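Participant: Handing you this structure, nothing more for now.
The values are calculated or read from the model by the stated rules, or taken from the named source; none is laboratory data. Because the structure is predicted, anything quoted here is derived from the model rather than measured. All Cβ positions, glycine included, derive from the backbone under ideal geometry; neighbour counts span all protein chains shown.
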Amino acid sequence: MTNPSLEYPIIRTGGVDGLLVNFGDRLSEPANRAALAFRAAIEAEGWDGVEETSSTLVSCFIRFDPLHLPHDVMKAKLETLVKGRNWFDAALPTGRRYWRIPTVYGTDLAPQLAQAAAAAGMSEAEAVTSLSDARVRVQALGFAPGQPYLGELPKAWDIPRQSQLTERVPQGALVVAIRQFVLFGVSAPTGWQHVGQTAIKLFQPEADEPILLRPGDEVQFVATDAASLNNMRSDPNGGATYEMIK
Amino acid sequence: MSAQLKILRAGPSMTLQDMGRPRHLALGLSRGGAMDKLALAEGAALLGQLADTLTLEMAALGGEFEASEDVRIALTGAPMRVSIDAEAVVWNASHWLPAGARLSIGAATAGCYGYLHVGGGFAADPFLGAASAHLSAGIGALLQAGETLAIGTDTGREINRVIEPEDRFHGGAIRLTPSFQTHLFGKAELDRLQAEPLHRAARANRMGVAMTPQGGGYYIEGGRNVVSEIVLPGDIQITGDGMPFVLMVECQTTGGYPRIGTVLPCDLPRVAQAPAGAELRFRFVDLEEAVELERAEAKRRAELGKSCRPLIRDPRYMRDLLSYNLIGGVVAGNEELEEVT
C-alpha cells in the first residue's frame, strides 16, 4: 500500500473536527520521533480553538472546533508549522526510562505463542528468545488508558493481524503483530496474537500518576514462569522495575 | 442533608453518564459519556439545567427507584414504560417524584438507551474531570440494586413540562465525513456503502455497534497491515472479515483496522438508539456541509428549552388512569400519551 508518489508529512482530515499530520504509512523511527516532536510543538503554540492533541505511531492528531476555527484557516496554520523544520530529525523526549517487565510466554496464560511463532517462521523456543531479548520503545499510548504500542521487533515479526478478532484477552496480555507489541491495560477484544502474559496494571486510577509508561520509554519483556508471575500479582506494577536512561 | 435516590431494582446495564471526559486521548482514554448526548440535552432542557449534568443511563431496561426527599425528575431517550406509585407517567417529560414514592421504569418500547435525570443532577466524585462511568477503561461500574445515589442541590423549580423528541429510535439516514483511512478504500466499496442499507447486528455496547451489510463484508487490500492510527467516535471500522462496526463513546483511542468513514456527531444518537435489525442508510457529505449541519444542531440543542411546553394533567382523568391500572394491570392508550409518543 506504499505510495511512492506521496511526500510526507501529509495533512489529512478525519471526522468533522479532526486533523492528522501524518509522517509515514509505515512505522519508522524517524516518523515516530517526528510525531512526538510535532505534538510538543503544537502544544507549545497554544492556538485558540485547538481542543486537544495526541501523538500516534507516525502521526500527530489535532482536534479543533470547526464552528469557530474554519478548516482552511486551521490547515494553513498547520502547513506553516510543518514547513518550519525537518521533523524527521527531531530528538527523542527527555526523562526516558528503561523498564524490565516479567512475562510468561506461552502456556495457557498466553495461548497464541505457537501460532505466532509459526507465522514468524520460528520454533516456540526461538520465538521466546527473540521476543524476550528485544529491547523495544514505547512509540505511542493508545487504544485503552496507558496502553503502549512498542517496537520495533525483528523483521520476522512482520506478521499480520488475525482476520477474526479474539473475543477477549486479559489485562496485562502481551500481543504481537506487524513488528510491534501491544501490552493490554484492560481486558478487550483484539486482532493481535496473544504471546505473553504480564501482571502489570498500566492504568491505576487511584494513583497520583495514573499512567505508568510514557512515549519514549524502553522496555524489555523478560521471561519468567507462571508461579513467579502469580506472586507478582499483588504488586500493581506486576514486578516491573525501571532505571533512568542517561 | 441532600436528597438521595435509592435503587430498589436495577436493569442489567445502568450507569451514571454525562458529556464525558474529552482531552485525554493522549493517555489512551476515549471521551465516553452518554451514548445519546441529545437525550442529555433534552433532559437538561426539561429541568432547566446544563446538558453536562450527571444522569442515569439505562440500556434496554430501567429499574425501580425511591427518593429520600421530593425531587424533580425528567425522562428522555428511548421511551420506556414508566410509572410513579403505579400511575403511568409520560416519557419525554419532567415530573415531581415525591419522597417515598415508587418510580418504576420498565423495558424500552423503541430504541435502546433511556435516561433518568434528576433536578441538580446526581453527585459523585469526579475522576479526570468527570464522574461518568467508562466501563471499558475500568472507571466506575454498573449500578446495582441496593445502591444509593446522592443528588446535587436543585436550584430549579419547573416540572410537568414535555418535549417533542427527534424520532431517532428506528435507524434511518446517517451522514458521514471521510475518516483518516477512507482514501484506502476503492470507489466500488465506497459506492456500495452508500447504496446498500446496513442492518444493526445483535452485538452492540458502549464501545461499538456491529452492522451487517447485505452484500457481504467490505474489502480492502492490505487491510490487516495498516499502521495503527487515531480512532474517533463515529468511525466505521472494517475488521479483518469485512464487517463494519460503528465505534461509539467508549471506543479504543487508536486502532489498526481501517475506518471507511466517520458518522457525524449529530447523527450518532440515531446509531446509538437503533435497535437490533434496524436499517441504517449511510451517505457521505462534504466537510463544509458537515460543519454547517453541526452548527445547526448545536444551535437547536442550545434552544431546546424553548420547545418545551406544559404537560396538561387532569386530576379526574389521572384517578381514572390509576384505577385502570389497578384493575387491569395495563395502561390503556389515552390522549395525553398519544400526543407525545
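Participant: Give just the number: which of (1) crowded, with 17+ Cβ neighbours inside 10 Å; (2) within 20 Å of the chain's Cα centre (by Cα); (3) farther than 24 Å from A:ALA240 by Cα does A:ALA120 not satisfy?
Facilitator: (2)
Participant: Testing A:LEU213 on (1) under 13 Å from the mean Cα position of the chain (by Cα); (2) aliphatic (A, V, I, L, M); (3) away from chain B (no Cβ under 12 Å), one condition comes back false. Which one is that?
Facilitator: Condition (3) is where A:LEU213 drops out.
Participant: If you take the residues of region B:205-252 that are crowded, with 20+ Cβ neighbours inside 10 Å and facing another protein chain (nearest Cβ under 7 Å), which of them is nearest to B:PHE282 (Cα to Cα)?
Facilitator: So the residue we want is B:GLY234.
Participant: While we're here: For region B:39-58, which positions are not in a loop (DSSP other than H, G, I, E, B) and not acidic (Asp, Glu)?
Facilitator: Listed by number, the residues that qualify are B:ALA39, B:LEU40, B:ALA41, B:GLY43, B:ALA44, B:ALA45, B:LEU46, B:LEU47, B:THR55, B:LEU56, B:MET58.
Participant: If I ask for residues that are surrounded by 18 or more Cβ atoms within 10 Å (Cβ to Cβ) and farther than 19 Å from B:ASP286 by Cα, which ones from region B:168-198 would you list?
Facilitator: B:ARG168, B:PHE169, B:GLY171, B:LEU198
Participant: Just checking, which of A:VAL182, A:VAL195, A:VAL176 is buried (at least 20 other Cβ atoms within 10 Å of the Cβ), within 11 Å of chain B (Cβ to nearest Cβ) and in a strand (DSSP E or B)?
Facilitator: Answer to the selection: A:VAL182.
Participant: Of all residues in region B:289-300, which are within 8 Å of chain A (Cβ to nearest Cβ) and among the charged types (D, E, K, R)?
Facilitator: B:GLU294, B:ARG295
Participant: Is it fair to say B:LEU75 is surrounded by 24 or more Cβ atoms within 10 Å (Cβ to Cβ) and outside any strand (DSSP E or B)?
Facilitator: no
Participant: Ok, one more. Filter the strands (runs of 3 or more DSSP E) completely within region A:1-93 down to those with at least 3 residues that are of a type outside the set (Ser, Thr, Tyr) and touching a Pro at 6+ places or on another chain (Cβ under 8 Å).
Facilitator: It comes to none.
Participant: Could you grab the pairs with beta carbons closer than 7 Å, sequence gap of 6+ or different chains, first residue in region B:189-202 and in the same structural domain as B:GLU221 (by TED's automatic domain parsing) and assigned to a loop (DSSP other than H, G, I, E, B), second one charged (D, E, K, R) and at pLDDT 95 or above?
Facilitator: Every condition considered, the pairs that remain are B:PRO197/B:GLU279; B:PRO197/B:ARG281.
Participant: While we're looking at this one, here's another question. I'm told B:LEU287 meets every condition in (1) modelled with pLDDT under 95; (2) outside the structural domain of B:ARG157 (by TED's automatic domain parsing); (3) touching a strand residue (DSSP E or B) at 6+ places or on another chain (Cβ under 8 Å) except one. Can you identify the failing condition by its number?
Facilitator: (1)
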